[in-house]
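Chemist: My structure is below; once you've seen it, I'll send some questions.
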Amino acid sequence: MFALVMSLFNKHQRLSWFLKMLGEVEGRPYVASSLFGLLFVIT
């Protein structure tokens, strides 16, 4: 259970970093990609 939570947290960390990179590259698509990221994290 703890390992699952940790792996999810690590995935979220990587994803948020990736989205941050995307956001720095382009302005507006960041919102769409962050929404997609949230969807990916939830499912």
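Chemist: Among the residues of the range 8-43, which ones are among the charged types (D, E, K, R) and at pLDDT 70 or above? Can you show your working first?
Modeler: Let us first name the residues in the range 8-43 that are among the charged types (D, E, K, R), namely 11, 14, 20, 24, 26, 28.
Within the range 8-43, Lys11, Arg14, Lys20 qualify.
Chemist: Between a first residue in the range 25-43 that is assigned to a helix (DSSP H, G or I) and a second residue that is modelled with pLDDT under 75, which pairs have beta carbons less than 7 Å apart while being 6 or more apart in sequence or on different chains?
Modeler: Once the first residue is assigned to a helix (DSSP H, G or I) and sits in the range 25-43, its partners that are modelled with pLDDT under 75 give Pro29/Leu22; Tyr30/Leu19; Tyr30/Leu22; Tyr30/Gly23; Ser33/Leu19; Ser33/Leu22; Ser34/Leu19; Gly37/Leu19.
The values are calculated or read from the model by the stated rules, or taken from the named source; none is laboratory data. Since this is a predicted model, take the numbers as computed values, not measurements. Reconstructed Cβ throughout: ideal geometry from the backbone, glycine too, with neighbour counts over all protein chains shown.
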